[in-house]
């Protein structure tokens, strides 16, 4: 039976609200520019509010449905989803990802708050390390990954995203690029996947009453603005510098989220 939204009793001070808005804007840029970005929103909700792990994951997932739809639309416009391989990757990531996301919702309900924070911090730092590795030339090969590899990535990303509410692109993009997918094609496919895995996760958390409408609007609107800016940056700015900057932030933020 759904439980009351635990954030209804929260009274965010102006400084905290402003910080959440700023992080959401930056996170939105990261989502469509290089993939990892939404995890900043999840980390901020966990670190700056007293929301439960379920509400953090559920609220963040709800915003990622919107950014995924917008990201998929703008990348379709710029042509990254027009190729057959791009459409295949997006479909596989989405179909198996939503199954993983629902499994992640089940896992979240069994995680104590301390364990949630440690796992979230570990994923934050891991995503940063993966992004940094890509800037150093690491790769799993020059050929695009096969359907089985893409499906495996999709399921794994779905489980992690559903459990922690970190969004699909945060891990899908580094893993796809490491497996040989071109950068912008990986970001584009991850936007489509985000709609499905975040949608599945949001549905599961809504059934628990663990999605905060107030927080969803507070971070979701600037996140969407950032997503448009990120898409433009992805086509105009040197991606190596952008990736290294985000990687440094993620690696440094991980221990804080885990042990704060």
Does residue 79 meet the test of being assigned to a loop (DSSP other than H, G, I, E, B) and more than 19 Å from residue 253 (Cα to Cα)?
yes
For residue 77: the one exception among (1) in contact (Cβ under 8 Å) with a residue 60 or more places away in the chain; (2) on the phi < 0 side of the Ramachandran plot:
(1)
Could you please find all residues in region 51-82 being crowded, with 23+ Cβ neighbours inside 10 Å and at pLDDT below 90?
80
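Sort through 229, 217 and tell me the only one that's out of contact with any helix residue (DSSP H, G or I) (no Cβ under 6 Å at 6 or more places or on another chain), in a helix (DSSP H, G or I) and modelled with pLDDT of 90 or more.
Only one candidate passes the filter, namely 217.
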Any residue that is surrounded by fewer than 20 Cβ atoms within 10 Å (Cβ to Cβ) and free of Cβ contacts under 8 Å to residues at least 60 places away in the same chain - is there at least one of those in region 37-47?
no
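The values are calculated or read from the model by the stated rules, or taken from the named source; none is laboratory data. Here the structure is a predicted model, which is why all the values come from computation and not from measurement. In this analysis, Cβ positions are derived from the backbone assuming ideal geometry, glycine residues included, and neighbour counts consider all displayed protein chains.
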